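Worksheet: one structure, shown below.
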Amino acid sequence: MSIEIVIFFYLAIFRLARPDDKTTTLNLILIFLLLIYNITGGLLPDPKLPGSFFLQEVIAYATGFITPCYFPYYVYRAFGLTKLKFHVYKGVYLFLILPYCIFVFVFWLTGDLKDTQNLLIIPVLYAVWVIVSLGKAIRHKYNYDFSSSEARQEMVVLLFSLTPWVGLPITTYFDLGQAVEALITNIGFLLLFGLQVMRHVRVVRFEHEKLMESEQRLRSWNADLKDEVNKRTKELEKINEQRTNNFINLVHETKTPLTLIKNYLDEYITKYGTVEELNVIKGGVDKLTADVINLFDLERFSKGIDTYKHNQVSDFSGILRDSLPLFKHYCVKHKIECSTCLDEDIFVKADPNAIHRIVNNIVENAIKFTDPDGEVLISLTSQEDEIIFSVVDTGIGIPEDLQKKVFEPYYQIGYKNTSLQGMGLGLPIVKKVVEGIGGTIFIESNPAKMRGTKIVITLPRYKPTDKDEPVKEVDSLNKLNYNFNYDELSDSDYDAQKRTILLVEDNIAMINFLSNKLRLTYNVFGARNGSEALKKLFEMSVMPDLILSDVMMDKMDGYAFAKTLSEQDKYNHIPIIFLTAKSTPTDRLKGLRLGAIDFISKPFSFEELSQKIETILDSIVRQQKAILSTSIAALKTGKTQEADNMAQSSLLRFEQNSKLFHLTSRETEIARLIFKGKTYKNVAKELFISEKTVTKHIQNIFAKVDVSNKVELLNKLSK
């Protein structure tokens, strides 16, 4: 019995380890019934134990019957003996459980156990039937073929192990004694358990072999995959290197013609003077030169090649002082206050051109992103063995989550566009240059709390010796010339005899070029982005006949602008031509779906653009004449219908204008109540908000609509 208990706990642990193994569950139930049978068979009947003789005998016989009842189900499930299905679901109930119930009833009536045992003849005969059925079921399982050792083994062990258990009623009927019963049944169980262990060993060994095969295949597959990945990686690296080399070669070859153009242009201006057109050309050449140099230098840095030779001693103070007059000039022109705090005699062991590049880029960005009436503070100080160069502005600022991204190549924050549009290469190159000198650069900015950005660069300070000759100025050939153009847009004087065009473009040079060309024939109005164009449309005294719009702009791009116009009944009839560098089929299709009638890619010919504008406007005039003629003819024949919605209500115009000025739902709700004559206090009471909140919303509304009081607001929103 001790062995059986050990086996029981072993099976229980194995069942916890493999909960999906159903055979283990069947074995657990079997050995549990065996333990119960051995306990009750060994203890009962016993006058010292509680319970009557009748009850103890009933329990003892019950355990002897339950185990044989379970065996047909056990072999049916554990060994797949499907031929025993009748005995599992019907036989045990008819020939074991029912006779046992009759046995108990008769024993209770007569009290004579010996005579009552004669009723066990039915289970005895049934046991013989089950044993015969067991042999047939095994033969059926193996298709009557016992050539395999597994089939013969299973046949013999099942018959020898299950026959004592199924024949337990025979042992009880002939009263062979408890010792004989226990010996026969336990030997049978051990044989059965041994068979199960052997089957389990075969299954585990088979699973192990399959696992090893799978592992071997996985290793082989991983090795093949690794080889393929390495092969593809090398191919991609080779292709990428080839593309990079081609790109560098292209940039390098571009530098030569740009140098010739730049020098001949400078020479021509020096000899014959300049005009506005030449200044525009020179600014474009200078910017293109700077972009090409940045591209070339960035690729060199990415390959680990330092553009500069830091074997000279540079006078940081002198180089910065030499650059300040140019930047102060731009600050004055843009109405920015420029303050400086510079220490003298600050030296650094670095290429003077690298220092000049750092200064120009950082100060340029500060001016570029600072609005008029703002401030820029340039500081150069020393602290022990460090140089601290910082530039502080009062611009829009850089959110904390973007402060690392601005040092990534080609990444730009499009807060504000001027004619000095970059490629997102300045700060990445500055970071590479600073790190090459052994310094650091970091940004301090939190737009959520306060406007402005502070960029701080620290470099190792150098103390020159008598042999050193510090460089104070940079060669003019190495200076990057920037053209800050902050000219205001000027609309042409309205001429009723001319048709009207609205230009939407964020590049000042481009919009001035187009405006100067087109205003000879048309009335031209300009805007720098979609949001500004919407306000311009609202303020214009005449509806434009055509809109020329760029696509890539800040605040509101061309696509968003076109979509907003398409939702406004007042403006959705105005034809739009997109002028843009985005010329992929997807971009063109998107623009045409938004209602654009043409899509002209940059660079373009002005003559071609002019001809398209004239053709489109002439076509519109012809359509208008055709519609007018049709309407007059319909009036004469009496077939006209009353025009629908000749004038929209004041409230409808108010709703449309609220969308036009991008008022939020809460702002529109407040403006609607103001439109109805409600006071701030009444608005707050009706909307269940504070009067202070209402005042804050009204201030936002005034800023969006560009008004200063309620009267102007109501006039604009109901226009």
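Structure data summary
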read-out: Any hit, the stretch 379-395, residues being buried (at least 18 other Cβ atoms within 10 Å of the Cβ), modelled with pLDDT of 90 or more, among the charged types (D, E, K, R) and not in a loop (DSSP other than H, G, I, E, B); value: yes
read-out: Hey, SER317 surrounded by 14 or more Cβ atoms within 10 Å (Cβ to Cβ), at pLDDT 85 or above and out of contact with any Ser or Thr (no Cβ under 8 Å at 6 or more places or on another chain) or not; value: yes
read-out: Residue among ASP545, ASP506 that is at pLDDT below 85 and acidic (Asp, Glu); value: ASP506
read-out: Residue match in the stretch 46-68 (condition: out of contact with any His (no Cβ under 7 Å at 6 or more places or on another chain), assigned by TED's automatic domain parsing to the domain that holds VAL124 and under 23 Å from HIS140 (Cβ atoms)); value: yes
read-out: Odd one out for ILE319, checked against (1) over 25 Å from ASP297 (Cα atoms); (2) in contact (Cβ under 8 Å) with a residue 12 or more places away in the chain; value: (1)
read-out: Residue among LEU589, LEU579, LEU565, LEU609 that is within 27 Å of the chain's Cα centre (by Cα), in the same structural domain as GLU539 (by TED's automatic domain parsing) and aliphatic (A, V, I, L, M); value: LEU589
read-out: Residues satisfying the stated conditions in the stretch 116-148, i.e. under 22 Å from VAL88 (Cβ atoms) and polar (S, T, N, Q); value: SER133, ASN143
read-out: Selection status of LYS262, at pLDDT 80 or above and farther than 26 Å from ARG461 by Cα; value: no
read-out: So GLU532, is it out of contact with any helix residue (DSSP H, G or I) (no Cβ under 7 Å at 6 or more places or on another chain), outside the structural domain of PHE702 (by TED's automatic domain parsing) and more than 21 Å from ALA496 (Cα to Cα); value: yes
read-out: Flag if GLN421 is surrounded by fewer than 20 Cβ atoms within 10 Å (Cβ to Cβ), modelled with pLDDT under 85 and over 27 Å from the mean Cα position of the chain (by Cα); value: yes
read-out: Whichever residue in the stretch 42-61 is surrounded by fewer than 17 Cβ atoms within 10 Å (Cβ to Cβ) and assigned to a helix (DSSP H, G or I) and, among such residues, is nearest to the chain's Cα centre (by Cα); value: ILE59
read-out: Qualifying residue in the stretch 680-696 (condition: in contact (Cβ under 8 Å) with a residue 40 or more places away in the chain, outside the structural domain of LEU534 (by TED's automatic domain parsing) and either in contact with a strand residue (DSSP E or B) (Cβ under 8 Å, 6 or more places away or on another chain) or crowded, with 16+ Cβ neighbours inside 10 Å (or both)); value: no
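The values are calculated or read from the model by the stated rules, or taken from the named source; none is laboratory data. This structure is a prediction, so every number in the text was calculated from the model and none was measured. Because the Cβ atoms are built from the backbone with ideal geometry, glycine has one as well, and the counts that use them run over all protein chains shown.
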